[in-house]
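Everything below concerns the one structure shown next.
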Amino acid sequence: MNDDEVARVVTGTLHGLAGLRVRVEVDLARGLPGFSMVGLASAAVRESRERVGAALRHAGFSWPERRITVSLAPADLRKDGAAMDLAIATGLLLASGQLARPPDGVLRRTLIVGELGLDGALRPARGALALGLDAPSMGADRLLVPAAQARELDCIPGLRRVTLSHLRELAEALRRLPDAPACGGTAPPAPSPAQDSPFGQVRGQAKAKRALAIAAAGGHHVLMIGPPGCGKTMLAHCLPGLLPALQSEQRLERLRIQSCAGLAVDPVAAALPPLRAPHHSVSVAGLIGGGRPVRPGEVTLAHHGVLLLDEAAELGAEKLDLLREPLTRGEIRLSRLGETVRFPARFQLLAATNPCPCGYLGSATRPCRCLPSEIARYQRRLSGPLRDRIDLWVEMDREPAGKLWDNADGDDGLRARIHKARELALARGGALNAQLAPERLQELCRLGPAVRRQAEQWADLKGLSLRALHSALRVARTIADLEGRAAVGTDELSEALAYRRT
């Protein structure tokens, strides 16, 4: 066997949201024709034999009639996905001499990523953008990828790339690798500010609108409770419109998450905070992540945005309690098959629920028909620890029919005030108010003796836990920022405590 019968190329696989280097080694030996693959490959990778074989035939190449061994190194790392198809095909063609080899060192610095169709066409590969972002840490400075993914890779600065749309273009693509052009590295354009009122379609519900403005200014979690038809869902969809566009690093992080989740990667839409609204029948893996291979769930897809849980009580206590870790830490850690995967999950929780099974407990429009035991069982689905992590509780009821003819509320600079309050919080404490550490609350709130006494009296009267009291102080700090006040006074604290529920 001579060295020309062995080819080595580089590709990548995903571990959570991170890209890891995989070396594909292809060996052609004398003997009966056969094919074997080693290196902890998943079913999707092992099936590449059939896709690559058909693609080679349709692209005008031949399948080597030799004993073929494909090794995916490191051998103890699990590999998944069809993104290795192009790398395996390239290795086969180089080892069999059907393609000329690029200059020494070029292949070692090139990640080859792409899924092959049976006709030889290149399809977008899940995780290509994440692999491109991590290419420098994998010792690569260029990518060979499907042409359909060229646009999404333009936002990675300094990365060189060569694209192709069909396997028959591979020879030309390899010739262009040494002089591959660099991506522009331009950030997705920020959207122009919206001119219409964020609450333009909502009539009445002044308290809920105020709570959403506070939530947007401080990054607080909100629970809206009210009967069907009172406007909870409509109001919830207004919250993302109050938030500012994402910064460059946040946009790249959102694009990475979309890429690893197999979603359409849109650099323009990535400038806006995401809104994820899973149905209450969502599975545990769909909500927090999981599966095999491990993929991000809704809490991660809502990173830097809003997670809307409509009919939250219908999810059940088990699923709702799984949100406690990401609400506190801003991330979720999953242990599967002897490995731990970390996914970011810094989102705003916006939950909406009925007060009871029939939905009309406390409503002025219709009497409740539920038994006390049914009401208690229904409300217990939101456990005490989860309740403590929700900063703003808003009780709603249906507005009178006459409100339908009222004029829509004007913006009155609401977005500008919210954005300014967020900038103040970031400049003062390095984080939004909802994320302030407890030990810094008194310093940043500038509480006077009278305000401290009021906080203690309310905590004792309403039986608030320390976490709930800290939550109220964070909300009070946000209210003060919205009103342009340097210190938290009794008015701000009273309003914040009015949103607490024991």
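The values are calculated or read from the model by the stated rules, or taken from the named source; none is laboratory data. In this text, all values refer to a predicted model and were calculated from it rather than measured experimentally. Reconstructed Cβ throughout: ideal geometry from the backbone, glycine too, with neighbour counts over all protein chains shown. The accessibility values were calculated without ligands, DNA or RNA, using every heavy atom of the protein model including side chains. Shrake-Rupley method; radii C 1.70, N 1.55, O 1.52, S 1.80 Å.
Applying 0.36 nm per residue to the separation of L263 and T69 and subtracting their alpha-carbon distance, the gain on full extension is 66.5 nm.
Find the relative contact order for the chain and round it to a whole percent, using C-alpha pairs within less than 8 Å whose residues are 6+ positions apart.
On the way: 1004 pairs, mean separation 63.7, N = 502.
It rounds to 13 percent for the chain.
Between A206 and T365, the simple label model (points 7 Å from Cα in the Cβ direction) yields a spacing of 2.0 nm.
DSSP beta bridges in the chain, what fraction antiparallel, as a percent rounded to 5? The antiparallel fraction comes to roughly 50 percent.
Summarising the label geometry, the points placed 7 Å from Cα in the beta-carbon direction at S281 and A150 lie 4.3 nm from one another.
Across segment 243-390, the mean sequence separation of Cα contacts (distance under 8 Å, 6 or more residues apart), normalised by length, yields a relative contact order of 20 percent.
Each listed q (0.23 Å⁻¹) maps to a log10 I(q)/I(0) for segment 338-451 from the Debye sum over equal C-alpha point scatterers, namely -1.30.
Charge dipole (Cα centre; +1 on Lys/Arg Cβ, -1 on Asp/Glu Cβ; no other charges) of segment 417-502 amounts to roughly 160 debye.
How many percent of Cα pairs in segment 220-311 exceed 23 Å? Intermediate values should be presented prior to the final figure.
Details: 1237 of 4186 pairs.
Considering segment 220-311, 30 percent of its Cα-Cα pairs are separated by more than 23 Å.
Looking at segment 210-266, what % of the alpha carbon pairs are farther apart than 16 Å? So the pairs more than 16 Å apart make up 59 percent of the total in segment 210-266.
Given +1 on the Cβ of Lys and Arg, -1 on the Cβ of Asp and Glu, and no further charges, what dipole in debye does the chain carry about its Cα centre, rounded to the nearest 20?
Working: 67 positive and 54 negative charges, 124 e Å.
For this selection, approximately 600 debye.
For the chain, what % of the accessible area comes from carbon and sulfur atoms, probe 1.4 Å? Answer for the chain is 50 percent, counting heavy atoms of protein chains only.
Roughly how big is segment 228-363's charge dipole about its Cα centre, with Cβ charges of +1 (Lys, Arg) and -1 (Asp, Glu), in debye to the nearest 20? Write out the running numbers ahead of the final one.
Values: 14 positive and 12 negative charges, 67 e Å.
Value, rounded to 20: 320 debye.
Two numbers describe the Cα atoms of segment 20-168: Rg and Dmax, which are 14.6, 48 Å.
The alpha carbons of segment 3-68 occupy a box of 39, 28, 19 Å along the principal axes, longest dimension given first. For the chain, the pair-distance distribution built from all alpha carbon pairs, in bins 20 Å wide starting at 0, is 21, 43, 26, 10, 0 percent. As a calculated quantity, the FRET efficiency between E172 and R23 at R0 = 22 Å, using C-beta atoms, amounts to about 0.35.
Here segment 59-141 yields Rg over Rh of 0.96, to two decimals, using C-alpha coordinates and the Kirkwood radius.
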